[in-house]
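The structure appears below as structure tokens.
The values are calculated or read from the model by the stated rules, or taken from the named source; none is laboratory data. Predicted model, so just to flag it, every value in this text is computed and none were measured. Cβ: placed from backbone, ideal geometry, glycine included. Neighbour counts: every protein chain shown. Each accessible area value is taken on the protein alone, full model and side chains, heavy atoms only, with ligands, DNA and RNA left out. Shrake-Rupley method; radii C 1.70, N 1.55, O 1.52, S 1.80 Å.
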Amino acid sequence: MSNVSAAYKLASERYAEIGVDTAKALKKLGNYPISLQCWQGDDVRGFENPDGDLTGGIQTTGNYPGRARTPEELRGDIDFVLKGLIAGKHRVNVHACYSEFDSGKKVERNELQPEHFKNWITWAKKNGYGMDFNPTFFSHPMMKDGFTVASRDKKVRKFWIQHEIQTRRIAAAIGKALGTACVNNFWIPDGLKDVPADRETPRLILKEALDECFAEKLDPKYMLDAVESKLFGIGAESYTVGSSEFYLGYAVQNQKLITFDAGHFHPTETISDKLSAAMPFVPGILLHVSRGVRWDSDHVVTITDDLIAIAQEIVRLGRSKDIHIGLDYFDASINRIAAWVVGMRSMQKALLFALLEPRKQMVDAEKTADFTSRMAWTEAAKSLPWQAVWDYYCEQNDIPLDTQWLAEVKAYEKNVLAKR
Ligand code: RNT
Ligand code: ZN
């Protein structure tokens, strides 16, 4: 018996003593697909204009060598991660700026069609990945004075509304082809650097524009609309049209998914508390799991108290069909593949931690107002041997342990990335 199996055996006995079934928890972990953000692999550049600037209030910093320069390289990097270093079946999250054109002739964003993503779809189908999608409202000259869909300029607005309409159709085509609903996430950077004189008009414009964007009825079996708020971005420090209240209101009224990005709220505000609060009013939630650090909302996801709390709420709500987990961060200062691996594995570890907690004891204590016991059990959970269960999950799925994957990434860096 390997050390890992031996440790697992002891750990599972230990958990059984307090009524937690580790085998069940491991089985359940497989029910949580995570949507891997393709944009970590090339610093959110896409293939329309890969040398262009990243604009729209988001930024990658760093110039670690080896970023993917072509769709083939990017898909190859994702395969390397999803096939060899991560256990379970997952999804890939693609932005509209990752379109590909056969003839090499560029098609504008307001004219994009499913065929411009056929390579992504064929590849995802072949590898058994689900796919999610996003209109791209940044890094484009039609963004005028910091505005897209919420622009007062009708021409600008029309262009972006049509872009959203096309992406919804693309998402539906993706969902149909892959047999799993594709979440199409609407995020616009529209906002102002300094204090607005009129906060209301752009919001009324956006509300009406969204109604136009979503007018076409598409089958939720194939595609789901989600709307994402933000507190501020670089260059939009004072005002963001699509704020939290704005989109929560819109999502409830129009029965859209609400997107909670962990980096898009006030620094001491956490998204974990928002899941159970929003769920009774919306058909579903899309999570952009991220890690905010000061002004940046997009650091690599690591195991923090926040992440554990998010995972606990996902598991406790038990609505795995309606809660969609996606990662959203981009770091160009470290090996980009390692950034994916750390984020994916941290998310899975947090979910496993949540699946293994002595839930009954915690809830029973709370029900009887025995807050002393609730605290004792909550703390006990943190030092129960969940890491042994995690190692066993890796071994069972034939993927490297935490102490081993880095060597594989370094070898890939030497053999593949360094040649780019
Ligand atoms: C930006 C939003 C948005 C993007 C991606 C690339 O602050 O979080 O979700 O990060 O769509
Ligand atoms: Zn996001």
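Within region 307-342, the residues that satisfy the criterion of being within 16 Å of ligand 1 (Cβ to nearest atom), under 23 Å from Leu231 (Cα atoms) and outside any loop (DSSP other than H, G, I, E, B) are Ile310, His324, Ile325, Gly326, Leu327. Among the residues of region 1-28, those identified as among the polar types (S, T, N, Q) and either open to solvent by less than 30 Å² (accessible area, probe 1.4 Å) or in contact (Cβ under 8 Å) with a residue 12 or more places away in the chain (or both) are Ser2, Ser5, Ser12, Thr22.
Matching residues to (1) within 30 Å of Trp405 (Cα to Cα); (2) open to solvent by 40 Å² or more (accessible area, probe 1.4 Å); (3) within 15 Å of ligand 1 (Cβ to nearest atom):
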{"position": "Pro280", "(1), (2), (3)": "no, yes, no"}
{"position": "Pro283", "(1), (2), (3)": "no, yes, no"}
{"position": "Leu287", "(1), (2), (3)": "yes, no, yes"}
{"position": "Ser290", "(1), (2), (3)": "yes, no, yes"}
{"position": "Ser346", "(1), (2), (3)": "yes, no, no"}
{"position": "Lys349", "(1), (2), (3)": "yes, no, no"}
{"position": "Lys360", "(1), (2), (3)": "no, yes, no"}
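In the set (1) more than 12 Å from ligand 2 (Cβ to nearest atom); (2) surrounded by 18 or more Cβ atoms within 10 Å (Cβ to Cβ); (3) within 18 Å of Asn184 (Cα to Cα), the condition left unmet by Asn254 is number (2). Considering (1) without any contact (Cβ under 8 Å) to a residue 12 or more places away in the chain; (2) surrounded by 18 or more Cβ atoms within 10 Å (Cβ to Cβ), say which one Lys154 fails and leave the rest. It fails just one condition, (2). Taking the criterion of being among the small types (Gly, Ala, Ser) and crowded, with 21+ Cβ neighbours inside 10 Å, the only residue of region 126-145 that qualifies is Gly130. Gly242 satisfies every condition listed in (1) open to solvent by 30 Å² or more (accessible area, probe 1.4 Å); (2) within 15 Å of ligand 1 (Cβ to nearest atom) except (1).
Of the residues making up region 88-119, those that are modelled with pLDDT of 95 or more and polar (S, T, N, Q) are Asn93, Ser99, Asn110, Gln113, Asn119.
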